[in-house]
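K.L.:
Below you will find the structure I want to go over with you.
Rule-based calculations on the coordinates, nothing more; no lab input. These figures come from a predicted structure and were not determined experimentally. As a convention, Cβ positions derive from the backbone with ideal geometry for all residues, glycine included, and neighbour counts pool all protein chains shown.
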Number of protein chains: 2
Amino acid sequence: MVTLAEVARHAGVSASTVSYVLSGKRSISAGTRQRVEQSIRELGYHPNAGARALAGSRSNIIALMVPLRTDMYVPVMMEIAIAVATTARTHGYDVLLLTGEEGPDAVRRVTGSGLADAMILMDVELEDERLPLLRQTGRPSVLIGLPADTTGLTCVDLDFTAAGALCVEHLAALGHRDIAVIGEAPAVYERHTGFAERTLDGLRTRARELGVRLLHRPCEGGYDAMAATLARVFDERPATTGFVVQNESAIEPLLALLRRQGRAVPEDVSVVAVCPEQVATQASVRLTAVSIPARQMGRYAVEHLVAKLDGRGTDEVVLIAPELTRRASSGPAATRTPPPTGKS
Amino acid sequence: MVTLAEVARHAGVSASTVSYVLSGKRSISAGTRQRVEQSIRELGYHPNAGARALAGSRSNIIALMVPLRTDMYVPVMMEIAIAVATTARTHGYDVLLLTGEEGPDAVRRVTGSGLADAMILMDVELEDERLPLLRQTGRPSVLIGLPADTTGLTCVDLDFTAAGALCVEHLAALGHRDIAVIGEAPAVYERHTGFAERTLDGLRTRARELGVRLLHRPCEGGYDAMAATLARVFDERPATTGFVVQNESAIEPLLALLRRQGRAVPEDVSVVAVCPEQVATQASVRLTAVSIPARQMGRYAVEHLVAKLDGRGTDEVVLIAPELTRRASSGPAATRTPPPTGKS
DNA sequence: AAAAATCGTCGAAGCGCTTCGACGACCCAT
DNA sequence: ATGGGTCGTCGAAGCGCTTCGACGATTTTT
């Protein structure tokens, strides 16, 4: 391994000069700088990360804690993670991948050891165990998601409450009076995941305001679960003509089942989804949907964090305004009685 | 931050003793050990990662390079990444997340700076630019995937050639003589991704041996692309009764289109997929499939790497034997003429 | 013309840890 | 009893970098 000292010798300067060339923290004459840079290139020098971290007491690493579970939309997580990694690189940071498995211990370990300068937490629960620790450590952090108490924390998330409201508004404007909400798996609600509850809040509040009946049903992914859920929905509310789906793995099953039952989308039934854009456009019916801006969230998180690390940051909650894109899955409510029941 | 020295003072021993308690590299009397451990706990001591890396010249970090692209099956990547992260933790390593974006430079940077002790590369191309560098650096590495030349490299992957063969065998045994292969997006083949080409090899070779006709069509994900591809397939080979799908985002569209055309699965047409188990079981028809053992691959990769880091490792290529699970999507070929053409 | 400020560079201290050699204390065989 | 081993502990020397203060050499100010 080439060291700073070797570069210095090669360039005929002292070690500290090389260091200053690298960091730009003191002015260096153009000639010297060029000679040093030349030596760095010739020798293929890379500063040793450990030594840097030790001497500078910053590791230039951001820790990213992703959920371990895979009962929620995985591509969103992946997209966020990739956005975080690429954005971090543009600011000179690397990303350490932590899984939720270790829980609060990971926070202690990573901040305690100085492994990372800052943290990004995904899949934050309303009363998350990691938050008290995070507040304590004093290391900069950004949550992707929204806990119950945000004092002293920086959070970035889609405004799911507004997203829920938007979905109801859209359907109500089209004349739908009975709306079913197909939600995430029950487990997601049981552990009080913020985004799921907030969407529901938004849906319910606006539904009440607009005089729309709402039926919420959590649903495991997949075909069979969706079939059972759908049967229950129509059993309980036969007049249902609008669906809001917030569960990636229920979307395609729902569409297929509706088709099979002879309920046409959007003629008989309208479907609105809360999902990444890619899913909405690739579904068997192009879906009217509020998209989840995964990439944007990842980028945002990193940029806030970097700002904090540079001493410019503030604690704030950034809620990204939802956008509903009309596609082929929603239309005016039929004025006739609910559509024929299919063979199901 | 609590330091080693403070722990030492608190426990009434020297710093080196604390270090030896931590590493276990020299014997320590039970009494001393307990006193030190007690102090560590009381003070909430975490060894400083940078100092450790510097003094010990190992960072206890494994770099994982994931593909930036999202034109291939993302959940598989995510599952591998999570398996890597959790397995690494059980061996005392953390994982640094790199995206393919930086390319070979990332390899140089990470190994040059000693940021990571070892690397795992995903999405390896047949002639991957990163490989020469990897061989040079001498740092342990494991590839998930298989390049053209594996000398001096350790690789872990599903035996996609065997997987392809297995699919053909299964369909041939059921009496199918005309098989269509729905592949990944064209871009995947254009960049010579190993697993796609190897699957194709396996399919073709066994098809030739068994006297089965094979038609391969790359396919972008989604409904429309699949519709176009399917039309071309039946146009060119009307007698097609077997499908092999290696493209997660084409599966559900294919099933829906077949249904719409009045081709029953598995009565008229059999479908075999190469995909993660979760996808196979959650599809609208439970799919006969060769599953992609993502978790196993991630675990394997880390364990090989750790073995190498401990000086026990060897360079070898581990191909995981594919397993085909029969589910509801494949059955005997109809003896009658190809099924009716639907409204499409 | 002298004093003050600025610039470019250097030497040295130290970040917190690992690890090597040393050194008593103790146990065994002779 | 005496020499040779272990065993448990310690001190000190770095690992490669950052950063502070110092110091000539210029440049600016008065």
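K.L.:
Counting only DSSP beta bridges with both residues in the protein assembly as shown, what percent are antiparallel, rounded to the nearest 5?
P.N.:
Numbers: 9 of 85 bridges.
Beta bridges within the protein assembly as shown, antiparallel portion: roughly 10 percent.
K.L.:
If a/c stays under 1.5 just call it rounded; otherwise compare a/b with b/c (prolate if a/b is bigger, oblate if not). Do that for the range A:1-77, with a ≥ b ≥ c from the square roots of the Cα gyration tensor eigenvalues.
P.N.:
Prolate, since a/c reaches 1.5 and a/b exceeds b/c.
K.L.:
Can you list, largest first and rounded to whole Å, the semi-axes you get for chain A by taking the square root of 5 times each eigenvalue of its Cα gyration tensor? Walk me through the numbers before you get to the answer.
P.N.:
Details: eigenvalues 532, 76, 55 Å².
Three semi-axes, in Å: 52, 19, 17.
K.L.:
Under the classification rounded if a/c is under 1.5, otherwise prolate if a/b is larger than b/c and oblate if not, where does the range B:212-271 fall, given a ≥ b ≥ c as square roots of the Cα gyration tensor eigenvalues?
P.N.:
It comes out rounded by the Cα gyration axes.
K.L.:
What nm distances, shortest first, do you get from the label point of residue A:187 to those in the other copies when the point sits 7 angstrom along Cα to Cβ?
P.N.:
Copy-to-copy label distances for residue A:187: 3.2 nm.
K.L.:
Return the FRET efficiency for the residue pair residue A:205, residue B:307: r is the Cβ-Cβ distance, R0 is 56 Å, and the value is rounded to the nearest 0.05.
P.N.:
0.50
K.L.:
Something else now. By count of other Cβ within 10 Å, fewest leading, how are A:319, B:305 ordered?
P.N.:
Numbers: A:319 16, B:305 27.
Result, fewest neighbours first: A:319, B:305.
K.L.:
Next question. Between residue A:58 and residue B:150, how many nm apart are label points set 7 Å from Cα along the C-beta direction?
P.N.:
4.4
K.L.:
What shape does the range A:160-291 have by the C-alpha gyration tensor, where a ≥ b ≥ c are the square roots of the eigenvalues, rounded means a/c under 1.5, and otherwise prolate means a/b greater than b/c and oblate the rest?
P.N.:
Rounded, because the longest to shortest axis ratio a/c is under 1.5.
K.L.:
Related question: Please average, across the residues of A:126-134, the number of beta carbons from any other chain that are within 10 Å of each residue's own beta carbon, and give a whole number.
P.N.:
Partner Cβ neighbours, averaged per residue: 0.
K.L.:
Please give me the summed charge of the neighbours of residue A:308: other residues whose Cβ is under 12 Å from its Cβ, Lys and Arg +1, Asp and Glu -1. Could you put the intermediate results ahead of the total?
P.N.:
On the way: positive: A:139, A:312; negative: A:117, A:303, A:310, A:315, A:316.
Result for the neighbourhood of residue A:308: -3.
K.L.:
Going by how many other Cβ atoms sit within 10 Å of their own, how do B:317, B:302 line up, fewest first?
P.N.:
Working: B:317 13, B:302 27.
Least to most surrounded, the residues fall as B:317, B:302.
K.L.:
Using a 10 Å cut-off on Cβ to Cβ distances, tally the other chain neighbours for every residue of A:51-59 and report the average as a whole number.
P.N.:
Counting Cβ atoms of other protein chains within 10 Å of each residue's Cβ and averaging gives 5.
K.L.:
For q = 0.24, 0.26, 0.27, 0.32 Å⁻¹, what log10 I(q)/I(0) does the range B:4-47 give under the Debye formula with an equal point scatterer on each alpha carbon and no solvent?
P.N.:
Once normalised to I(0) and log-transformed, intensities are -0.72, -0.85, -0.92, -1.28.
K.L.:
Starting from 0 in steps of 10 Å, tell me what percent of the Cα-Cα pairs of the range B:141-201 lands in each bin.
P.N.:
Here the calculated profile for the range B:141-201 is 19, 44, 27, 9, 1.
K.L.:
Quote the relative contact order of chain A in percent (integer), defining contacts as alpha-carbon pairs under 8 Å separated by 6+ residues.
P.N.:
This gives 17 percent for chain A.
K.L.:
Please list the non-local residues whose amide H lies under 5 Å from the amide H of residue B:245, H modeled 1.01 Å from N, same-chain partners needing a gap of 5 or more.
P.N.:
Sorted by chain and number, the residues that satisfy this are B:182, B:272, B:273, B:274.
K.L.:
Give the calculated FRET efficiency between residue B:213 and residue B:267 to the nearest 0.05, with a Förster radius of 25 Å applied to their Cβ-Cβ distance.
P.N.:
0.75
K.L.:
In whole Hz and in residue order, list the ³J(HN,Hα) couplings for the range A:233-245 that follow from phi through the Karplus curve 6.51 cos²θ - 1.76 cosθ + 1.60, θ = phi - 60°; x for Gly and Pro.
P.N.:
4, 6, 5, 7, 10, x, 7, 4, 10, x, 10, 10, 10
K.L.:
Summing +1 for each Lys or Arg and -1 for each Asp or Glu, what net charge is found among the other residues whose Cβ lies under 9 Å from the Cβ of residue B:85?
P.N.:
Once positives and negatives cancel, what remains is -1.
K.L.:
Can I ask one more? According to a simple spin-label model (label point 7 Å from Cα along Cα-to-Cβ), what is the distance in nm between residue A:281 and residue A:129?
P.N.:
Going from the residue A:129 label point to the residue A:281 one covers 4.1 nm.
K.L.:
Next up: Students often check this: by mean Cβ neighbours within 10 Å, which of A:112-123, B:201-212 ranks highest, and how do the rest follow?
P.N.:
A:112-123, B:201-212
K.L.:
Just to confirm the number: angle between the C-alpha axis of helix B:248-260 and the first principal axis of chain B, 0 to 90 degrees, nearest 10?
P.N.:
20
K.L.:
Let me ask you something else. Once you put a point 7 Å from the Cα of residue B:235 and another 7 Å from the Cα of residue B:325, both along the Cβ direction, what distance in nm separates them?
P.N.:
3.7
K.L.:
Taking each residue in A:250-262, count the Cβ atoms of any other chain within 10 Å of its Cβ, then average. What number comes out? Don't jump to the answer; show the numbers that get you there.
P.N.:
On the way: counts 1, 1, 8, 4, 0, 3, 5, 1, 0, 3, 2, 0, 0.
Shielding by partners across A:250-262 averages 2.
K.L.:
Sticking with this one: Two decimals is fine: what's Rg over Rh for the protein assembly as shown, C-alpha atoms, Kirkwood radius as Rh?
P.N.:
With Rh from the inverse mean 1/r over Cα pairs, Rg/Rh is 1.02.
K.L.:
Can you list, shortest first in nanometers, how far residue B:209 lies from the same residue in the other copies, with each label 7 Å from Cα toward Cβ?
P.N.:
When each copy's label point is compared with this one, the spacings are 6.6 nm.
K.L.:
With θ taken as phi - 60° and the coefficients 6.51, -1.76 and 1.60, list the Karplus ³J(HN,Hα) couplings across the range A:95-107 in order, rounded to whole Hz; mark glycine and proline as x.
P.N.:
10, 9, 9, 10, 9, x, 3, 5, x, x, 4, 4, 4
K.L.:
Separate question: Kindly give the distances from residue A:104 to its copy-mates, label point to label point, with each label point 7 Å from Cα along Cα→Cβ, as nm values to one decimal ordered shortest first.
P.N.:
Going from nearest to farthest copy, the values are 4.9 nm.
K.L.:
I would also like to ask the following. Output the relative contact order of the range B:237-344, whole-number percent, from Cα pairs under 8 angstrom with separation of 6+ residues.
P.N.:
Relative contact order here is 36 percent.
K.L.:
Using a 10 Å cut-off on Cβ atoms, rank the peptides A:16-27, B:218-229 from the highest mean neighbour count down.
P.N.:
Most protected by this proxy first, the peptides run B:218-229, A:16-27.
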